[in-house]
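The values are calculated or read from the model by the stated rules, or taken from the named source; none is laboratory data. Keep in mind that this is a model prediction, so the values were computed, not measured. Methodologically, a virtual Cβ is constructed for each residue, glycine included, from the backbone with ideal geometry; neighbour enumeration extends over all protein chains shown.
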Amino acid sequence: MEINGVSQQNYQSGYESAKANAQAIGARLVSYYETEDMAMTTVTSDMGKSSKELQEEQLKKLQEKQEETKKENLRTEKESQKNLIDKKGNQSIHISLDV
């Protein structure tokens, strides 16, 4: 069976993808339409925010997560270097790890 010239399986896949994309930016999918060469979606935010505002919030969250990951990686690296120093015993090794 086809919907607007698109197989039902492809249509369903596109719909699910559009729905997931809307949820990823904190919105919900209102309508979805697909033809052989184009898909159109309409999303809305229950918070009264524009899609640009939702995208900016999502970008900010992503940047914060990247910063947290970077800090965690630095902390792990410091611990690894400290453990390496501890294993060397009484040798005079001094490494500054100030961030």
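Candidates are the residues of region 30-88 that are closer than 30 Å to residue 7 by Cβ and either touching an Asp or Glu at 6+ places or on another chain (Cβ under 6 Å) or among the aliphatic types (A, V, I, L, M) (or both); the one that is surrounded by the most Cβ atoms within 10 Å (Cβ to Cβ) is 43.
The set of residues in region 4-20 being in a strand (DSSP E or B) and either surrounded by 13 or more Cβ atoms within 10 Å (Cβ to Cβ) or among the hydrophobic types (A, V, I, L, M, F, W, C) (or both) consists of 6 alone.
There is no residue in region 34-45 that is modelled with pLDDT of 85 or more, assigned to a helix (DSSP H, G or I) and either more than 30 Å from residue 13 (Cα to Cα) or among the small types (Gly, Ala, Ser) (or both).
Only one of the numbered conditions (1) under 30 Å from residue 9 (Cα atoms); (2) in a helix (DSSP H, G or I); (3) touching a residue at least 12 places away in the same chain (Cβ under 8 Å) is violated by residue 23, and that is (3).
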